[in-house]
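Chemist: Before I ask anything, here is the structure I am working with.
The values are calculated or read from the model by the stated rules, or taken from the named source; none is laboratory data. Nothing here was measured: the structure is a model prediction, and the numbers come from that model. Here the Cβ positions follow ideal geometry from the backbone for every residue, glycine too, while neighbour counts run over all protein chains shown.
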Amino acid sequence: MGTLPLVYLVRHGQTDWNVERRLQGQADTDINDVGRRQATANGALLAAIVGDAGGFDFVASPLRRTRETMERIRAAMGLDPADYRTDERLKEIHFGDWQGFTYPELEVRQPGSGARRSVDKWNFLPPGAGAETYATLAARVSDWLATLDRPTVCVAHGGIVRAVFRIVGGLSPQECAVMDIPQDRVLRIEDGGLEWLG
């Protein structure tokens with residue numbers, strides 16, 4: 001990984017599925033009222049930090065929860081909410097047949113599911129078409145990072161942030177797989193360092 005430009009990375013605001021601890025993956029869910037407040041607050045923080053955002057690229061995952069978060073961030077920064085781009089590589093990890101379920105629900109359908117995943121969460125592949133491991137996700141995030149050529153504000157998902165901590169921060173797969181990823185803070189990536197703001 002070469003030298004990265006300055007990046008501000010934000011996880012999408014809270015969704016009802018987050019509250020229910022339901023595996024979202026690439027299911028296209030919406031942020032809730034708490035998530036909308038989080039997005040606006042993160043936008044206000046970025047406005048204070050960045051000031052004039054001229055020269056910044058703004059990019060989001062194409063899923064609805066990330067797009068609305070980005071639009072609220074840009075509005076809070078005094079920018080045209082719709083003037084950003086999306087990138088397919090920023091989609092959340094795909095949980096295959098597990099998307100939409102909580103772990104208790106999966107235990108009823110497939111006893112031992114959670115225990116099997118917890119053995120090696122980073123490399124675990126859920127059943128079903130399209131499913132990914134975090135290792136697979138990290139490969140596409142690495143591809144995306146390699147394309148960055150200017151300061152960037154990015155709105156993505158918890159899995160993307162985990163991959164960034166692995167690729168840029170050098171944390172172990174085990175640490176990245178279980179770390180808490182807040183929705184009400186901004187991650188600054190600068191000079192190879194990672195810092196939560198807010």
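Chemist: Out of all the residues in the range 68-75, is one or more at pLDDT 95 or above, buried (at least 23 other Cβ atoms within 10 Å of the Cβ) and aliphatic (A, V, I, L, M)? Steps first, answer last, please.
Modeler: To start, the set of residues in the range 68-75 that are at pLDDT 95 or above comprises 68-75.
Still in the running and buried (at least 23 other Cβ atoms within 10 Å of the Cβ): 69-70, 72-74.
Restricting the remaining residues to those that are aliphatic (A, V, I, L, M) gives 70, 73.
For the range 68-75, residues at pLDDT 95 or above, buried (at least 23 other Cβ atoms within 10 Å of the Cβ) and aliphatic (A, V, I, L, M): present.
Chemist: Hey, another quick one. Can you pull out the residues in the range 51-61 that are of a type outside the set (F, W, Y), over 11 Å from G78 (Cα atoms) and buried (at least 16 other Cβ atoms within 10 Å of the Cβ)?
Modeler: Start the filter on the range 51-61 by keeping residues that are of a type outside the set (F, W, Y), which leaves 51-55, 57, 59-61.
Now narrow it down to the ones that are over 11 Å from G78 (Cα atoms): 54-55, 57, 59-61.
Answer for the range 51-61, where residues must be of a type outside the set (F, W, Y), over 11 Å from G78 (Cα atoms) and buried (at least 16 other Cβ atoms within 10 Å of the Cβ): D57, V59, A60, S61.
Chemist: In the range 1-12, is there at least one residue being buried (at least 20 other Cβ atoms within 10 Å of the Cβ), assigned to a loop (DSSP other than H, G, I, E, B) and not hydroxyl-bearing (S, T, Y)?
Modeler: Yes, the range 1-12 contains a residue that is buried (at least 20 other Cβ atoms within 10 Å of the Cβ), assigned to a loop (DSSP other than H, G, I, E, B) and not hydroxyl-bearing (S, T, Y).
Chemist: Just to check your reading of the model, which residue among G35, G43 is without any contact (Cβ under 8 Å) to a residue 60 or more places away in the chain, assigned to a helix (DSSP H, G or I) and crowded, with 19+ Cβ neighbours inside 10 Å?
Modeler: Details: G35 fails: without any contact (Cβ under 8 Å) to a residue 60 or more places away in the chain.
None of the other options fit; the residue is G43.
Chemist: Could I ask something else about it? Those residues that are of a type in the set (V, I, T) and closer than 15 Å to R117 by Cα, I need them from the range 74-106; list them, please. Step through it out loud before you land on a result.
Modeler: First, the residues of the range 74-106 that are of a type in the set (V, I, T): 86, 93, 102.
Within the range 74-106, I93, T102 qualify.
Chemist: Six or more apart or on different chains, Cβ under 6 Å: which pairs go from a residue in the range 57-75 that's farther than 20 Å from T147 by Cβ to one that's buried (at least 24 other Cβ atoms within 10 Å of the Cβ) and among the polar types (S, T, N, Q)? Could you list them?
Modeler: Sorted first by the residue in the range 57-75, then by its partner, the pairs are I73/N42.
Chemist: In this structure, is V108 out of contact with any helix residue (DSSP H, G or I) (no Cβ under 8 Å at 6 or more places or on another chain), of a type in the set (A, V, I, L, M) and more than 16 Å from A60 (Cα to Cα)? Show your work before the answer.
Modeler: Values: out of contact with any helix residue (DSSP H, G or I) (no Cβ under 8 Å at 6 or more places or on another chain): yes; of a type in the set (A, V, I, L, M): yes; more than 16 Å from A60 (Cα to Cα): yes.
So V108 fits the description; yes.
Okay, residues lined up against (1) of a type in the set (V, I, T); (2) under 23 Å from R140 (Cβ atoms):
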| position | (1), (2) |
| --- | --- |
| A39 | no, no |
| G54 | no, no |
| R65 | no, yes |
| M77 | no, no |
| I93 | yes, yes |
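Chemist: With the checklist (1) among the small types (G, A, S); (2) over 26 Å from L4 (Cβ atoms); (3) at pLDDT 95 or above; (4) touching a helix residue (DSSP H, G or I) at 6+ places or on another chain (Cβ under 6 Å) in hand, flag the one item S142 doesn't pass.
Modeler: Evaluating S142 over (1) among the small types (G, A, S); (2) over 26 Å from L4 (Cβ atoms); (3) at pLDDT 95 or above; (4) touching a helix residue (DSSP H, G or I) at 6+ places or on another chain (Cβ under 6 Å) leaves (2) as the failure.
Chemist: Okay, moving on. Between R185, R166, which is in contact with a helix residue (DSSP H, G or I) (Cβ under 7 Å, 6 or more places away or on another chain), surrounded by 15 or more Cβ atoms within 10 Å (Cβ to Cβ) and not aromatic (F, W, Y)?
Modeler: Numbers: R185 fails: in contact with a helix residue (DSSP H, G or I) (Cβ under 7 Å, 6 or more places away or on another chain).
Selected residue: R166, the only one of R185, R166 that is in contact with a helix residue (DSSP H, G or I) (Cβ under 7 Å, 6 or more places away or on another chain), surrounded by 15 or more Cβ atoms within 10 Å (Cβ to Cβ) and not aromatic (F, W, Y).
Chemist: Within the range 39-53, how many residues are at pLDDT 95 or above and out of contact with any Gly (no Cβ under 8 Å at 6 or more places or on another chain)? Before you say what the answer is, go through the steps one by one.
Modeler: Taking the range 39-53 first, the residues at pLDDT 95 or above are 39-50, 53.
Subset that is out of contact with any Gly (no Cβ under 8 Å at 6 or more places or on another chain): 40, 43-44, 46, 48-50, 53.
Here the count works out to 8.
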